[in-house]
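What follows draws every value from the coordinates through simple rules; no lab data is involved. Just so it is clear, the model here is predicted, and its values are computed rather than measured. In this analysis, Cβ positions are derived from the backbone assuming ideal geometry, glycine residues included, and neighbour counts consider all displayed protein chains.
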Amino acid sequence: MKTPRFVVVGVDGSSASVGALLWAAAAAAASGAELRVVSAWLHDPLLDDLSIGRNVDEASAAHLAELEAFVAETVKDPAVTVRCSAPEGDAASMLIDRARNAALLVVGSHGKGMVRQALTGSVSTACLRRASCPVAVVPPRALAPESRLGRKISEVTGS
């Protein structure tokens, strides 16, 4: 029996990650693969509004609920089976781990900002260097009406 194929996508709320999510959803739909959406986070009340005044379990549940709501609003294709996870840890390490045996890992080219990039490094570069599956890096311009990926955003979202 074959192992089900799946596509992993990293989401952090940036425009590049939204583009990556839409692109990954289209790739999953085209191949019949499950879409696994990963939003890694670190429990640091100084950097994360959802962590303030919460223990790790509460913050984790809040991150997952927020991710699931966002994905439900964004991925409209009923043919795509979606599974969300919000593991605590370094984004690159969590994505690389979750993409083990994946058909594809999709990430945006830029994250949430200079402060986090300075603290954690480039997630897309780490994924390109260390992932055990093919990696697609989607630029923020993928959300533009006329995407350089060759498709209008309305073709991807169905709207």
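Distance between the 7 Å Cα→Cβ label points at GLU73 and ARG5: 3.2 nm.
The charge dipole of region 50-102, taken about its Cα centre with unit charges on the Cβ of Lys, Arg, Asp and Glu (plus for the first two, minus for the last two), comes to roughly 180 debye. Taking 0.36 nm per residue of separation and subtracting the Cα-Cα distance, full extension of the segment from LEU64 to ARG130 would add 21.2 nm.
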